[in-house]
Amino acid sequence: MWLEDPITKLERAAHAAWPGVLEEAQLPMVGWSYVLLSKREETDRARISYLVEHPKHGLFKYRLQLRPRAQAAFAAHYLRLEKASRAFQRSERLSLIKPMCLDIANQASLTTYAEGLPFSEYMRDAAEDNARQLELLQLAGEWLDAYHRTKVSETRIFQPKHAVNYYHDLGEKIQSGDLKVAAKPLILQGVERLSELANKYSDQQTVSAVQYGDFHMRNLIFDGTCLTGINISKNQPAPVGHDIARLLLDYTAILRSSKELESGQIIPADAIEACFAGYRLVGPNDPSVQFLPYAKILGSLVNVPQRRNDRSKTNQKTLERLRPIARVAFT
């Protein structure tokens, strides 16, 4: 057995479930090597993943979740990938990991493994080469375009009123003191800006497609030639601007400066142009593309606690990256 001497309960669970996963996937029982990819073992959460390799069958990712016991949710995550994998049009440049086996009882799964590095690392390496960054951003746009075409898209009328009402209610809680946030004046300014944008873009035609979910640069793996998606978190139809906004805001916050933005702008013009050189399902003037980056940045800032001691490292990094952009965007 490739998993030798498991120590913790989580490791023992992964060890015990492994033969059944191999049997279900119709893979050999012997000859495997493994590398621990991640492990989280807390009171309410316990999950582990391994890179496993067989000399005749290649690389796979084996994942097991011990806690929480949420079989339906675990299976749904796998089935989202399975559905998308069947429809995704793979090429030498674009790919999506393939599901191999689901063990609902043990909350375990096996998928192919995407070789390469997170797309964000390639973007960072090109920090001094803006042309290369934009070339890579175009490739990400191509990938998302291919993904959005895995299900028949449909035109619909863009209705941002639900987002506006949600943030208006949050704004009232912030003003009353019921909700304490780190960037109160900026967030309240953003709520007003969102209302103005909603009036501008409401009742225009957009396109709805199957949503990826958390479409940021670390959920894409690149090997220098092929870009692979790895972690689909949603599969319901939604305006395409949700995924586009997530990618472009992630890119801007991490790799660009607010000094490159014009007043009222949230994404640099050259980044928008590069993305839409690859993404063709809609253009940059689509109302969901225009509106949703502002909602995304506002939503991220709202989740940062007021007190520094209450913030996680991720909270603090989010605040430091997004506040300068929001100051420009909300003017």
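General observations
- Residues satisfying the stated conditions in region 275-316, i.e. polar (S, T, N, Q), exposed (fewer than 15 other Cβ atoms within 10 Å of the Cβ) and out of contact with any Lys or Arg (no Cβ under 6 Å at 6 or more places or on another chain): 285, 303, 309, 312, 314, 316
- Number of positions in region 29-49 that are assigned to a loop (DSSP other than H, G, I, E, B) and of a type in the set (Lys, Arg): 1
- Within region 220-246, considering residues that are polar (S, T, N, Q) and without any contact (Cβ under 8 Å) to a residue 40 or more places away in the chain, the one farthest from residue 153 (Cα to Cα): 231
- With respect to the conditions (1) free of Cβ contacts under 8 Å to residues at least 12 places away in the same chain; (2) surrounded by 21 or more Cβ atoms within 10 Å (Cβ to Cβ); (3) not aromatic (Phe, Trp, Tyr), residue 217 falls short on a single one, namely (1).
- Among the conditions (1) farther than 30 Å from residue 237 by Cα; (2) assigned to a strand (DSSP E or B), the only one that residue 65 does not satisfy is (1).
- Selected residue [among the acidic types (Asp, Glu), out of contact with any Asp or Glu (no Cβ under 7 Å at 6 or more places or on another chain) and under 27 Å from residue 116 (Cα atoms)] from 250, 203, 178: 250
- Looking at 182, 209, just one residue is under 25 Å from the mean Cα position of the chain (by Cα), surrounded by fewer than 22 Cβ atoms within 10 Å (Cβ to Cβ) and of a type in the set (A, V, I, L, M, F, W, C), and that residue is 182.
- Unique match (being more than 17 Å from residue 59 (Cα to Cα), among the small types (Gly, Ala, Ser) and assigned to a loop (DSSP other than H, G, I, E, B)) among 114, 105, 84, 75: 105
- Qualifying residues in region 55-80 (those that are under 19 Å from residue 36 (Cα atoms) and out of contact with any Leu (no Cβ under 7 Å at 6 or more places or on another chain)) - the one surrounded by the fewest Cβ atoms within 10 Å (Cβ to Cβ): 55
Every number in this text was worked out from the coordinates using simple rules, so none of it is lab data. As the structure is a prediction and not an experimental result, all values here were calculated from the model. So basically every Cβ, Gly included, is an ideal-geometry build from the backbone, and we count neighbours across all protein chains shown.
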